[in-house]
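Inspection log for the structure reproduced underneath, given as structure tokens.
The values are calculated or read from the model by the stated rules, or taken from the named source; none is laboratory data. Only a predicted model underlies this, so the values are computations on that prediction, with no experimental measurement involved. Virtual Cβ from ideal backbone geometry, glycine too; neighbours counted across all protein chains shown. Protein only, heavy atoms only, side chains kept; ligands, DNA and RNA dropped before computing areas. Shrake-Rupley method; radii C 1.70, N 1.55, O 1.52, S 1.80 Å.
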2 protein chains.
Amino acid sequence: MAQLIKNLFILLILNFLICYNTMAQSDSSRIRHTVAFKLKHPIGSSEEQDFLKAVKKLASIPGLEKFEFMKQISKKNPFDYGISMEFANQKIYDQYNNHPDHVAFVQQRWLKEVEDFLELDYEIKITD
Amino acid sequence: MAQLIKNLFILLILNFLICYNTMAQSDSSRIRHTVAFKLKHPIGSSEEQDFLKAVKKLASIPGLEKFEFMKQISKKNPFDYGISMEFANQKIYDQYNNHPDHVAFVQQRWLKEVEDFLELDYEIKITD
């Protein structure tokens with residue numbers, strides 16, 4: 001009986017270690033957050049330029065890495081621009097989403113001036 | 001009259017130089033080609049694994065740089081996976097599109113096994 005309890009205890013410890021490792025890996029997965037979008041403003045207008053300036057200001061929110069603003073050039077979708085950024089893990093991504101500057105930008109600019117958009121978030125493998 | 005011809009000739013040369021410069025810039029723009037997709041196969045099935053192996057083989061096509069295969073994790077779109085790759089310019093991107101391995105992959109696998117997909121192509125600025 002003592003041996004059985006010992007074995008069960010060892011199994012429990014092993015199980016805990018495997019679970020913990022999986023959770024830690026999941027939490028540490030790097031995330032590339034991308035958004036393709038099309039504005040209500042005409043291309044080249046001062047309203048568009050002003051909006052894009054506000055988008056680029058998001059790059060200074062803490063935790064945001066590798067910010068890219070890009071022209072979208074495929075004719076196979078309706079979007080004119082794209083942004084891409086990376087976060088070290090889901091927690092830092094959540095902190096960005098809840099940051100007052102991001103919340104204010106979404107409420108005051110994004111919801112009013114964007115005609116159409118699509119978010120794609122990718123899990124980035126750090127090891128090859 | 002000779003002066004007018006001379007001026008017109010200078011304008012023609014200037015025009016040619018501006019056009020050539022614009023074309024050269026456009027041709028040298030780096031492109032990030034991305035495709036988000038969802039397969040007809042169940043997640044974790046051997047058919048899915050076989051398809052993903054075939055996708056990853058595309059990475060060896062000449063001219064293709066920075067190939068990435070990623071899990072798509074946002075719930076705000078229907079896609080499960082994404083691939084990203086870069087080309088030094090539009091000409092090399094076209095060569096990839098027309099490469100026999102790519103053409104065969106699209107005909108024999110992509111069109112039959114993919115349920116839904118979206119292509120987004122971004123112009124990458126080389127200078128910051």
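Restricting attention to region A:40-59, and to residues there that are open to solvent by less than 100 Å² (accessible area, probe 1.4 Å) and in contact (Cβ under 8 Å) with a residue 24 or more places away in the chain, which single residue is nearest to residue B:29 (Cα to Cα)?
That would be A:52.
Is at least one residue of region B:29-49 closer than 30 Å to residue A:81 by Cβ and at pLDDT below 75?
No, region B:29-49 contains no residue that is closer than 30 Å to residue A:81 by Cβ and at pLDDT below 75.
Do we have residue B:125 as within 14 Å of chain A (Cβ to nearest Cβ) and either surrounded by 12 or more Cβ atoms within 10 Å (Cβ to Cβ) or at positive phi (or both) here?
It is true that residue B:125 is within 14 Å of chain A (Cβ to nearest Cβ) and either surrounded by 12 or more Cβ atoms within 10 Å (Cβ to Cβ) or at positive phi (or both).
Quick one: in region B:110-128, which of the residues that are of a type in the set (D, E, K, R) and not in a loop (DSSP other than H, G, I, E, B) is nearest to residue B:36 (Cα to Cα)?
That would be B:119.
Report, by residue number, each residue of region B:86-109 that is part of a helix (DSSP H, G or I), within 15 Å of residue B:122 (Cα to Cα) and aromatic (Phe, Trp, Tyr).
B:93
Condition first: among the hydroxyl-bearing types (Ser, Thr, Tyr) and touching a helix residue (DSSP H, G or I) at 6+ places or on another chain (Cβ under 7 Å). Can you find one or more residues in region B:93-107 that meet it? Break it down into steps so the answer makes sense when it comes.
From region B:93-107, those among the hydroxyl-bearing types (Ser, Thr, Tyr) are B:93, B:96; that's our starting set.
Within this subset, residues satisfying the condition of being touching a helix residue (DSSP H, G or I) at 6+ places or on another chain (Cβ under 7 Å) are B:96.
Scanning region B:93-107 turns up at least one residue that is among the hydroxyl-bearing types (Ser, Thr, Tyr) and touching a helix residue (DSSP H, G or I) at 6+ places or on another chain (Cβ under 7 Å).
Considering only region A:57-69, how many residues are farther than 16 Å from residue A:37 by Cα and within 14 Å of chain B (Cβ to nearest Cβ)?
2
If you check residue B:112 against the conditions, is it farther than 24 Å from residue A:116 by Cα and either within 11 Å of chain A (Cβ to nearest Cβ) or among the charged types (D, E, K, R) (or both)? Walk me through how you get there before you give the answer.
Working: farther than 24 Å from residue A:116 by Cα: yes; either within 11 Å of chain A (Cβ to nearest Cβ) or among the charged types (D, E, K, R) (or both): yes.
So residue B:112 fits the description; yes.
Under the condition of being over 12 Å from the mean Cα position of the chain (by Cα) and more than 10 Å from chain A (Cβ to nearest Cβ), which residue from region B:70-101 is surrounded by the fewest Cβ atoms within 10 Å (Cβ to Cβ)?
Here the answer is B:100.
Looking at (1) assigned to a loop (DSSP other than H, G, I, E, B); (2) touching a Gly at 6+ places or on another chain (Cβ under 6 Å), which is the one condition that is false for residue A:70?
(1)
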